[in-house]
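Q: Following this message is one structure expressed as structure tokens.
Bear in mind these aren't lab numbers, they're just calculated from the coordinates by the rules spelled out. These numbers were taken from a predicted model, which means no experiment stands behind them. With ideal geometry, Cβ positions are generated from the backbone for all residues, glycine too; neighbour counts draw on all protein chains shown.
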Amino acid sequence: MATNPTYTISDLAREFDLTTRAIRFYEDMGLLQPQREGPGGRNRVYTSRDRTRLKLTLRAKRLGLSLTEAREIIDMYDSPRDTGPQLRKFLAVLADHRRELEEQMADLVANLDEVKTHEKEARSLLGKVEKKA
């Protein structure tokens, strides 16, 4: 009979290139729930479920979702309910995030255009200054 693999905090930190402090933070946020073993429950033991939740958390973070949003979505997948509401929630979160990114991109484009305008004006002024010299 095969046993389910377990991981130490160091195993996960190494695999996902994280600090153990970051993993403990995700634990504090309710994203991971390791079992405790050893004297005084000092040793954290992570299951495959925790490893998957960490992977999904990092994916959500790369998408720019907050840890709260990530936890809500990941928790929905843990529940045995119908996947329809879960997928609708996920799509709503993604749509909101996409809108935020589009707004940020529009702001960046406007800012970049302003920088280009100032560069052009400065080059023109420099050209005039250098002609006089």
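Q: Using alpha-carbon pairs under 8 Å, 6+ residues apart, how would you state the relative contact order of the range 1-63 in percent?
A: Relative contact order for the range 1-63 comes out at 36 percent.
Q: Quick check on the chain: what are the equivalent-ellipsoid semi-axes from the Cα gyration tensor, as sqrt(5λ), descending, whole Å?
A: Output for the chain: semi-axes of 48, 22, 10 Å.
Q: Continuing with this model, one more query. Tell me, what HN-Hα J-couplings in whole Hz come from the Karplus equation 6.51 cos²θ - 1.76 cosθ + 1.60 at θ = phi - 60° for each residue of the range 31-45, using x for Gly and Pro?
A: After applying 6.51 cos²θ - 1.76 cosθ + 1.60, I find 7, 10, 9, x, 7, 10, 9, x, x, x, x, 6, 8, 8, 10 Hz.
Q: Starting from the 7 Å offset along Cα-to-Cβ, what nm value, one decimal, do you get for the label separation of LYS131 and ARG49?
A: Here the modelled spin labels are 7.6 nm apart.
Q: Compute the relative contact order of the chain as a whole-number percentage, counting only Cα pairs closer than 8 Å that sit 6 or more residues apart in sequence.
A: 16 percent
Q: Straight-line reach only, C-alpha to C-alpha below 22 angstrom: list the lysines that LYS120 could link to, leaving out same-chain residues fewer than 8 apart.
A: Here the lysines satisfying the reach criterion relative to LYS120 are LYS128, LYS131, LYS132.
Q: In Å, the Kirkwood hydrodynamic radius of the range 81-133 over pairs of distinct alpha carbons?
A: Taking every pair of different Cα atoms in the range 81-133, averaging 1/r and inverting gives 14.7 Å.
Q: Whole-Hz Karplus ³J(HN,Hα) for the range 105-119, in order, using 6.51 cos²θ - 1.76 cosθ + 1.60 and θ = phi - 60°, x for Gly and Pro?
A: Calculated HN-Hα couplings, in order: 5, 4, 4, 5, 4, 4, 5, 4, 4, 5, 4, 4, 4, 5, 4 Hz.
Q: Hey, another quick one. Multiplying the sequence separation of ALA110 and LEU91 by 0.36 nm and subtracting their Cα-Cα distance, what value in nm do you get?
A: Extra length from ALA110 to LEU91 when fully extended: 4.0 nm.
Q: Same structure again: List the residues whose amide H sits under 5 Å from the amide H of LEU65, counting only those 5 or more places along or on another chain, with H placed 1.01 Å from N in the peptide plane.
A: none
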